[in-house]
Every structure is written in structure tokens, then in C-alpha cells.
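Everything below concerns the one structure shown next.
The values are calculated or read from the model by the stated rules, or taken from the named source; none is laboratory data. Bear in mind the structure is a predicted one, so any value in this text is a computation, not a measurement. Counting neighbours? That spans all protein chains shown, and the Cβs are built from the backbone with ideal geometry, glycine included. Surface areas here come from the heavy atoms of the whole protein model, side chains and all, with no ligands, DNA or RNA. Shrake-Rupley method; radii C 1.70, N 1.55, O 1.52, S 1.80 Å.
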Amino acid sequence: MTSDDAVAAPGSGADGRTESLPFDTSVAHQARIYDYLLGGKDNYAADRAATEAVLKVNPEMAFTARANRAFLGRVVRYLAADAGIRQFLDIGTGIPTAGNTHQVAQAIAPESRVVYVDYDPVVLSHARALLTSSEAGATEYIDADLRNTETILSQAGQLLDFTKPVAVTLISLLHAIPDSDDPHAIVARLMDAVPSGSYLALSHMGTDLLGRETEDGLKSVADRMMQQKLAARSREQVARFFERTDLAEPGLVRVEEWRPDPGTGDAGRSSLWCAVGRKRSSGTRPSRLPPAASEKGSRE
């Protein structure tokens, strides 16, 4: 679906006539840019134009997208197989592709329950692909923005048991939330709703992995061509999301450096920090932030 008729509007009739799409396809959206970078077809001309502009500024962005998707798979496998998590709240789901959260989790633990959250109409149009659960488990989809935490938690609570550990995943999402919306407070509200033993997993574009010229170029593309603006953050700012958690090894690193599968190294250098943290019990002393990766991008 790489044409501008990729998604039929609600109310499309059997006679082949299609009503106007219920959103503006002339403005690029992060989820559809990500889809294009991964080789998907659920995108529009504006998304493809913005992606090409991004790649001119940062040619490594295609690698970054692939590395980020692979990170999600490794994280879910770790949470399901090693950490014993059976409940997942996947916020900023994106357009479905191979290896969605419920597929990875339920391959390990069929009883896993997964709630997906996104607000892009294209993602919503594909929600059925996210609701094909194993018989032992369950999935649900919530049409909501990350900033609507009350709505998310209320609706997610209809499927998830918030008295038991939950993994909250925010993969390549928070750098679309400006400081004016206080993303650290948003994440804190989500983690306040889940018990100790729950996990937070996220990836986030890093200012210290881009260089000043590249960051400014990406911001310019976002300002001109995208619905979401870019709010990349430093490693220290990303670490603040993990307050009251203990980080799983190897700590806060680039996405391709987090527990990589054998034989997958040296393919590129991403611009995303990532980590997985386990929520501590009250009164437990925090663990120290691990040292930065051995090679960090320089600020120019």
C-alpha cells in the first residue's frame, strides 16, 4: 500500500467508491516513516518524502530503524523468558510487521496478555493483525495518545491485572514528546500504576549520538514535514526515565548493543539509547547508572 489510497476510509462501500480518508495524508507521521524505513507499504507520499529528507541528513537512520525493531524482539524475549513477565503494555505500537509483541511473547508463554496503544489511524486500521492472540492469551488495542495516561490505564486495566507485574514498552516514542508535555512525568505516572517487579523498556533518540549538525537537520525536517516534532535527549536525560528501577545488563546503551544476537554486530551505528529497568520495591537502594557505551557520538 504505497499509493495514496493505501487505507480505505471508514464507510467505503462494496461498489468500490471510497470516501475521503479521515486524516491528512499530506503531513508525514512517525509511525508511517518507520514503516517505510522497514520496507513496509503502509505509507503515503508525504511519509516517503520526509523519510528521504531524513536519510539525507542521517544516512544511518535506516539502520537505526532496523536495529530498533530487533531490539524490541530481544526485549520481549528477555521479559517473557528470563523475567517471567506475562503482561505487556505496548505504547506507541506502530504499524504491525513481523515479530509483534504478542507474537514474540506468546511464542514463549502462550498465556501472555498484551495491550497495544497508538493513535495513528493507519495503525488503527491494522488493529485486527494485533488482536490475533493465542487461545491461552489475549490482546487488546487502545486508540489513545501517550499523554492520555488516565485513558490508557483505565482501558488497559480491563485486560491487564495491575496487581501483578507488567512490562511497559515505549519503543522509539518519547522523542516525539516535547519537554513542554513533561515526558518524565508521563512515564512516572505509568510506572506508578504498576507494582514492583514490573519493567520499563524504551528506546530514545540521543543528542549525544547525533552531533549538533545532524540533530539540527533532523529537527528542521520534522518542523517542515512531520506531524511530530523531534525532542532528542542526552544519555543523562534518558536515564531519568528509569528512576526507581534497576537496569538489566548491559544498562543504558545503543539499541544494537543491548544483548545482541550472535553474529549481528558491526552493521552500523544507531542514534538510539535504550535500556530495560525493573521497578524496585519502596525503600530499595538504587543501582548506579552503568558507564556509557565505549564509543559515543560526538557533539559538533
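Looking at region 72-94, is at least one residue surrounded by fewer than 17 Cβ atoms within 10 Å (Cβ to Cβ) and among the β-branched types (Val, Ile, Thr)? Checking region 72-94: not a single residue is surrounded by fewer than 17 Cβ atoms within 10 Å (Cβ to Cβ) and among the β-branched types (Val, Ile, Thr).
Only a single criterion out of (1) touching a helix residue (DSSP H, G or I) at 6+ places or on another chain (Cβ under 8 Å); (2) at negative phi is not satisfied by GLY99, namely (2).
Just name the residue that is surrounded by the most Cβ atoms within 10 Å (Cβ to Cβ) out of those in region 38-53 that are assigned to a helix (DSSP H, G or I) and in contact (Cβ under 8 Å) with a residue 40 or more places away in the chain.
Across region 38-53, the extreme among qualifying residues is ALA50.
Screening LEU159, LEU202, LEU173 for residues that are crowded, with 21+ Cβ neighbours inside 10 Å and either touching a strand residue (DSSP E or B) at 6+ places or on another chain (Cβ under 6 Å) or not hydrophobic (A, V, I, L, M, F, W, C) (or both) leaves exactly one candidate, LEU202.
Cβ-Cβ distances below 6 Å connect the following pairs, each with a first residue in region 210-232 that is more than 15 Å from HIS29 (Cα to Cα), a second residue that is charged (D, E, K, R) and modelled with pLDDT under 90, and a separation of six or more residues or different chains: GLY211/GLU300; ARG212/ARG299; ARG212/GLU300; GLU213/GLU300.
Among the criteria (1) more than 25 Å from SER282 (Cβ to Cβ); (2) modelled with pLDDT of 95 or more; (3) surrounded by 24 or more Cβ atoms within 10 Å (Cβ to Cβ), the one THR139 does not fulfil is (2). A single member of LEU124, LEU153, LEU159, LEU174 is within 16 Å of the chain's Cα centre (by Cα), modelled with pLDDT of 95 or more and at negative phi, and it is LEU174. ALA127 meets each of the listed conditions (1) without any contact (Cβ under 8 Å) to a residue 24 or more places away in the chain; (2) open to solvent by 20 Å² or more (accessible area, probe 1.4 Å); (3) not hydroxyl-bearing (Ser, Thr, Tyr) apart from (2). Going residue by residue through region 216-229, is there one that turns out to be at pLDDT 95 or above and in contact with an Asp or Glu (Cβ under 9 Å, 6 or more places away or on another chain)? No, region 216-229 has no match at all. Residues in region 251-287 that are in a loop (DSSP other than H, G, I, E, B), under 14 Å from ARG74 (Cβ atoms) and at pLDDT 80 or above: TRP258, ARG259, PRO260, ASP261, PRO262, SER270. Checking each residue in region 215-231 for being open to solvent by 30 Å² or more (accessible area, probe 1.4 Å), assigned to a helix (DSSP H, G or I) and not aliphatic (A, V, I, L, M) picks out ASP216, LYS219, SER220, ASP223, ARG224.
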